[in-house]
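The values are calculated or read from the model by the stated rules, or taken from the named source; none is laboratory data. Bear in mind the structure is a predicted one, so any value in this text is a computation, not a measurement. Note: ideal-geometry Cβ built from the backbone for every residue, glycine included; neighbour counts use all protein chains shown. SASA here: full protein model, heavy atoms, side chains in, ligands and nucleic acids out. Shrake-Rupley method; radii C 1.70, N 1.55, O 1.52, S 1.80 Å.
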Amino acid sequence: MATFGNLTDRLADTFKNLRGKGKLSEADVDRTVREIRRALLDADVALEVVKDFTGRVRERALGHEVSGALNPAQQVVQIVNDELVTILGGEARRIEFAKNPPTVIMLAGLQGAGKTTLAGKLSKWLAADGHTPLLVAADLQRPNAVTQLQVVAGQAGVAVFAPEPGNGKGDPVKVAKQALKFAKDKQHDVVIIDTAGRLGVDAELMKQAANIRKAVDPDEVLFVIDAMIGQDAVTTARAFQDGVDFTGVVLSKLDGDARGGAALSVASITGRPIMFASTGEGLDDFEPFHPDRMASRILDL
Amino acid sequence: FARNTIDADTWSGLEDAMISADFGPDITDSVIEELRASVAKYKTDDPADLKRMLRETLEERLARLDPTLTLSARPAVVLVVGVNGVGKTTTIGKFAKFLVGHGRTVVVGAADTFRAAAVEQLATWAERGGAEIVRPQQQGQDPASVAFQTVEWAQRESIDIAIIDTAGRLQTKSGLMDELGKIRRVIEKQTEIAEVLLVLDATTGQNGVAQAEAFIQHAGVTGLVITKLDGSARAGFVLAVQERTGIPIKLVGQGEGINDLTGFTPHVFVQGLVG
Ligand SMILES: Nc1nc2c(ncn2[C@@H]2O[C@H](COP(=O)(O)OP(=O)(O)OP(=O)(O)O)[C@@H](O)[C@H]2O)c(=O)[nH]1
Ligand SMILES: Nc1nc2c(ncn2[C@@H]2O[C@H](COP(=O)(O)OP(=O)(O)OP(=O)(O)O)[C@@H](O)[C@H]2O)c(=O)[nH]1
Ligand SMILES: [K+]
Ligand SMILES: [Mg+2]
Ligand SMILES: [Mg+2]
């Protein structure tokens, strides 16, 4: 049980006075729940998710599975961990491939979240699996986003569709639409559309993302979110769900020391599965998401 | 603050609001404790008083440090650092424009020789901002040597201000953090560094403090820049950063346009936080 170190230590303190009593009083449980709340807030889990979550844990902690336990602290941590893994999704979902290729994957998210880098990672990973992905430069906003995608495509050894120069020139909806025809002609079986970063509060740009989606009817829309994000994860995730909707989540920059509470927030608020973890700047720093590892990380090892 | 007397709900509402603005549990507790004492001292039960006290406390705490940029050296060298994707390159474009608008000559140095198209991106911003640019002479050139050449260019051409872009790096990567130290040392052999600006993204949560501490240690940060304040994130974590590190916020970014950069005003910032 050493894996749940920090929270276990905190809870052990809370439970210190309890030894020999055998049964948890409501006051004991409340003190415990406050510790859990604190640990989750330190990990940047969104407040409304924390409230919901601690409510459920409290209920279970008052039940018989804890009061009879030899070590109530560990038992409670176990419950917390189970609940976390449940919300984060039991098993990572794989990409849904279209019955009639090409499979279309659209990327969306805040500025600087890691979309363009992910396009490279995803395409390299798919190419290694025998696919023939095409990257589409539909971020025509950010300075030199098109060049960046071209460089990344070169590094990944995949094709890129970039008919417009960008830097404010060209219509991303049109580019996305043309890309599908291009992919069919050239027999690319997967199309990955890179889009501009946008804020949840930017209605106009959100509308543009929705229009790209409408134009290409993607099989997957992946919402890329930075593991370092704080309480704003909820507002932003809701805005993207309402604005474009997404089918899955990718958590980026997990190679740092952010506890990544956003993972829990986004999964819980949107009900969408976290599919991949991005763990570095290199194109191979990418893996399917592991809910159990993430749970331990949020609880702080 | 909807009720007309201060009761338990007022306090828990305040706590929720502060947590949701990313102040973090520690600062939230300390501010609430302080406010409870004030409320008792002034014997008020008016939520409007409480809100005013909250605003004053935050403003006062944020205003303890001096946000003025020190750019009087010639050339004044500004090094821009931070984790990946926070807005360093964009901020440099805006800052260059701001300085050029005030009659200064500016050169930017593309010492991010790592990220795909980082040099081209900076070149676009330099052009928009009316600054010159020093580029690496070959792919993957040592960033410290690009920084050196930038400062050398500024000295030779009598350019007022040299701003050096660096690659984003997570504060936990020791090799990359050491590289920053090297860039610093190389420049310091030429001239004193006027400002080392750490860029922090407003959407960041409690990790912002860890970022600041590590960059201060490795890069000798002299000022903070908070970007993306045009979004829904309130960036309450910067209070913890300022108080733990003693480094002031000097600039604020609020958009992707070249004019979306301002100085830091505690009053305006707190207005965004508290309303
Ligand atoms: N350490 C680390 N850096 C990453 C990761 N993913 C992306 N990055 C870096 O984060 C920065 C931003 O990545 P981009 O792929 O350009 O992000 P984006 O979402 O396309 O950004 P915009 O197009 O500006 O909205 C770059 O410096 C990337 O190298 C990751 O998993 N770990
Ligand atoms: N909305 C908004 N977007 C911003 C702001 N500042 C930067 N951005 C966007 O954030 C993204 C990343 O900005 P960059 O300037 O490339 O960030 P960086 O820190 O140089 O990134 P790396 O060099 O990859 O580490 C781009 O899409 C910018 O347009 C801001 O104040 N508001
Ligand atoms: K970010
Ligand atoms: Mg991009
Ligand atoms: Mg940059």
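Examine segment A:109-120 for a residue that is outside any helix (DSSP H, G or I), away from ligand 3 (no atom under 16 Å from the Cβ) and buried (at least 24 other Cβ atoms within 10 Å of the Cβ), and state whether such a residue exists.
Taking every residue of segment A:109-120 in turn, none turns out to be outside any helix (DSSP H, G or I), away from ligand 3 (no atom under 16 Å from the Cβ) and buried (at least 24 other Cβ atoms within 10 Å of the Cβ).
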If we take segment A:128-237, then strands (runs of 3 or more DSSP E) inside it with 3 or more residues that are within 11 Å of another protein chain (Cβ to nearest Cβ) and closer than 27 Å to B:Lys228 by Cα are A:220-226
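So that you can scan it fast, the table gives a plain yes or no per residue for (1) among the basic types (Lys, Arg); (2) open to solvent by less than 10 Å² (accessible area, probe 1.4 Å); (3) more than 13 Å from chain A (Cβ to nearest Cβ):
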| site | (1), (2), (3) |
| --- | --- |
| B:Arg169 | yes, yes, no |
| B:Glu213 | no, no, no |
| B:Arg234 | yes, no, no |
| B:Val238 | no, yes, no |
| B:Gly257 | no, no, no |
| B:Pro266 | no, no, yes |
Checked against (1) touching a residue at least 24 places away in the same chain (Cβ under 8 Å); (2) open to solvent by less than 60 Å² (accessible area, probe 1.4 Å); (3) farther than 29 Å from A:Gly261 by Cβ; (4) outside any helix (DSSP H, G or I), B:Gly93 satisfies every condition except (4)
Inspect all residues belonging to segment A:187-204 and state whether any of them is more than 21 Å from the chain's Cα centre (by Cα) and hydroxyl-bearing (Ser, Thr, Tyr).
no
Which numbered condition trips up B:Phe98, out of (1) more than 30 Å from B:Glu243 (Cα to Cα); (2) within 16 Å of ligand 2 (Cβ to nearest atom); (3) assigned to a helix (DSSP H, G or I)?
(1)
Quick one: which of B:Glu120, B:Glu59, B:Glu132 is surrounded by fewer than 24 Cβ atoms within 10 Å (Cβ to Cβ), among the acidic types (Asp, Glu) and within 16 Å of ligand 2 (Cβ to nearest atom)?
B:Glu120
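Let's see how each residue does on (1) away from ligand 1 (no atom under 16 Å from the Cβ); (2) within 14 Å of another protein chain (Cβ to nearest Cβ); (3) in a strand (DSSP E or B); (4) under 30 Å from A:Val234 (Cβ atoms):
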site: B:Val108; (1), (2), (3), (4): yes, yes, yes, no
site: B:Gln121; (1), (2), (3), (4): no, yes, no, no
site: B:Gln139; (1), (2), (3), (4): yes, yes, no, no
site: B:Ala154; (1), (2), (3), (4): yes, no, no, no
site: B:Ala162; (1), (2), (3), (4): yes, no, yes, no
site: B:Leu176; (1), (2), (3), (4): no, yes, no, no
site: B:Ile183; (1), (2), (3), (4): yes, no, no, no
site: B:Lys189; (1), (2), (3), (4): yes, no, no, no
site: B:Val199; (1), (2), (3), (4): no, yes, yes, yes
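Can we say B:Val238 is farther than 19 Å from B:Lys94 by Cα and of a type outside the set (Gly, Ala, Ser)?
Spelling it out, B:Val238 is indeed farther than 19 Å from B:Lys94 by Cα and of a type outside the set (Gly, Ala, Ser).
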Test for B:Gly223: is it touching a strand residue (DSSP E or B) at 6+ places or on another chain (Cβ under 6 Å), modelled with pLDDT of 95 or more and within 11 Å of another protein chain (Cβ to nearest Cβ)
no
Identify all residues within segment A:245-264 that are open to solvent by less than 10 Å² (accessible area, probe 1.4 Å) and either facing chain B (nearest Cβ under 10 Å) or among the hydrophobic types (A, V, I, L, M, F, W, C) (or both); write none if there are none.
A:Phe246, A:Val249, A:Val250, A:Leu251, A:Ser252, A:Ala258, A:Gly260, A:Gly261, A:Ala262, A:Ala263, A:Leu264
Which residues, taken from segment B:20-34, are within 14 Å of another protein chain (Cβ to nearest Cβ) and either in contact with a Cys (Cβ under 7 Å, 6 or more places away or on another chain) or in contact (Cβ under 8 Å) with a residue 24 or more places away in the chain (or both)?
B:Ser20, B:Ala21, B:Asp22, B:Phe23, B:Gly24, B:Asp26, B:Ile27
So B:Ala17 fits all but one of (1) closer than 28 Å to B:Gly275 by Cβ; (2) open to solvent by less than 20 Å² (accessible area, probe 1.4 Å); (3) within 14 Å of chain A (Cβ to nearest Cβ); (4) among the hydrophobic types (A, V, I, L, M, F, W, C); what number is the exception?
(2)
